[in-house]
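Chemist: My structure is below; once you've seen it, I'll send some questions.
Every number in this text was worked out from the coordinates using simple rules, so none of it is lab data. Note that the structure is a prediction, hence the values are computed from the model and not measured.
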Amino acid sequence: MIHIKQFLERVSLQESKNNKTVVITLDDARGLRDEISKLMADYYKLSSSDGKDEVIKVEITGGSFK
């Protein structure tokens, strides 16, 4: 998520200087696009579950503890 962090830092810097534009290189824009796409795909995968609650069974034994 380095490109997203760098973009946010650039925006903050430009805001602190009261500038109205942020300029990034094409390579940085591609990296930002790729990271945003991955985040969106992960979000879609998580939010499109089939509505079934997953049951996780945990069994703890005390061994020889009495």
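Chemist: Using a/c under 1.5 as the rounded threshold, could you call the chain rounded, prolate or oblate? The axes a ≥ b ≥ c are square roots of the C-alpha gyration tensor eigenvalues, and prolate needs a/b larger than b/c, oblate otherwise.
Modeler: The shape class here is prolate.
Chemist: Could you tell me how many degrees, from 0 to 90 and to the nearest 10, lie between the Cα long axis of helix 2-16 and the main elongation axis, the longest principal axis, of the Cα atoms of the chain?
Modeler: It works out to around 50 degrees.
Chemist: Another one. When the helices in the chain are scored as -39500 (n - 2.57) per DSSP H run of 4 or longer and the sum is shared across all residues, what 222 nm value do you end up with, to the nearest 500 deg cm²/dmol?
Modeler: Taking each H run of at least 4 residues, the total per residue is -19000 deg cm²/dmol.
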